[in-house]
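The structure appears below as structure tokens.
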Amino acid sequence: MEQTLCIIKPDAVKNSFVNKINSIIEDNKLIILKSKKIKISKEIAENFYFEHKEKPFFSELVDFMTSDYSVVQILQGENAVANYRKLMGATNPDEATEGTLREKFAESLSKNAVHGSDSLESAQREIDIMSKIFD
């Protein structure tokens, strides 16, 4: 069984979509092992998005992710990384397949409702970074 990281971002939390998103996740045979509603610190956000540090959107991304509460979750299931990525839909909600989380709940490219690990390696790294919030 694989594990992957899921973050329900501040826009989706603010719009009260957490229960709807989690219902869809569970309906797609992913188990929510751990879940915590938190305000992500700047330190954690900068570490989490380190790979984007040199990109022009890095500061905006960190500011957004620390702006309000998010729900950080560890999901488990068969092919959890790939299955959750498919369930999320394209990063740009205008390009997301009908029925995906981003098509249903995202406001824009930068406020796209959810995050999911893009590989098993990323999942392990991201879970390691976020694991301290569950302690």
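The values are calculated or read from the model by the stated rules, or taken from the named source; none is laboratory data. Only a predicted model underlies this, so the values are computations on that prediction, with no experimental measurement involved. Using ideal geometry, Cβ is built from the backbone for each residue, glycine included, and neighbour counts are taken over all protein chains shown.
Assorted remarks:
- Every condition in (1) among the charged types (D, E, K, R); (2) in contact with a helix residue (DSSP H, G or I) (Cβ under 6 Å, 6 or more places away or on another chain); (3) closer than 17 Å to MET1 by Cβ; (4) loosely packed, with under 14 Cβ neighbours inside 10 Å is met by LYS34 except one, and the failing one is (4).
- Within region 1-58, the set of residues being closer than 27 Å to GLU78 by Cβ and among the hydroxyl-bearing types (Ser, Thr, Tyr) comprises THR4, SER23, SER35.
- Candidates SER117, SER41, SER35, filtered to the one that is touching a residue at least 60 places away in the same chain (Cβ under 8 Å), hydroxyl-bearing (Ser, Thr, Tyr) and within 23 Å of SER131 (Cβ to Cβ): SER117
Each row is one residue, and each column tells you yes or no for (1) at negative phi; (2) surrounded by 13 or more Cβ atoms within 10 Å (Cβ to Cβ); (3) among the polar types (S, T, N, Q).
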position	(1), (2), (3)
THR4	yes, yes, yes
ILE21	yes, yes, no
ASP27	yes, no, no
PHE58	yes, yes, no
LEU61	yes, yes, no
MET65	yes, yes, no
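- Single match in SER35, SER23, SER16 (criterion: part of a loop (DSSP other than H, G, I, E, B), modelled with pLDDT of 95 or more and of a type in the set (Gly, Ala, Ser)): SER16
- All of ASP94, ASP63 fail the test of being assigned to a helix (DSSP H, G or I) and under 14 Å from ASN112 (Cα atoms), apart from ASP94.
- In region 58-73, the residues that are touching a residue at least 24 places away in the same chain (Cβ under 8 Å) and over 13 Å from ILE133 (Cβ atoms) reach residues that are outside any strand (DSSP E or B) and of a type in the set (Asp, Glu) with C-beta atoms within less than 9 angstrom, at least six apart or across chains, in these pairs: PHE64/ASP11; ASP68/ASP11.
- Filter result for GLU51 (crowded, with 17+ Cβ neighbours inside 10 Å and of a type in the set (D, E, K, R)): no
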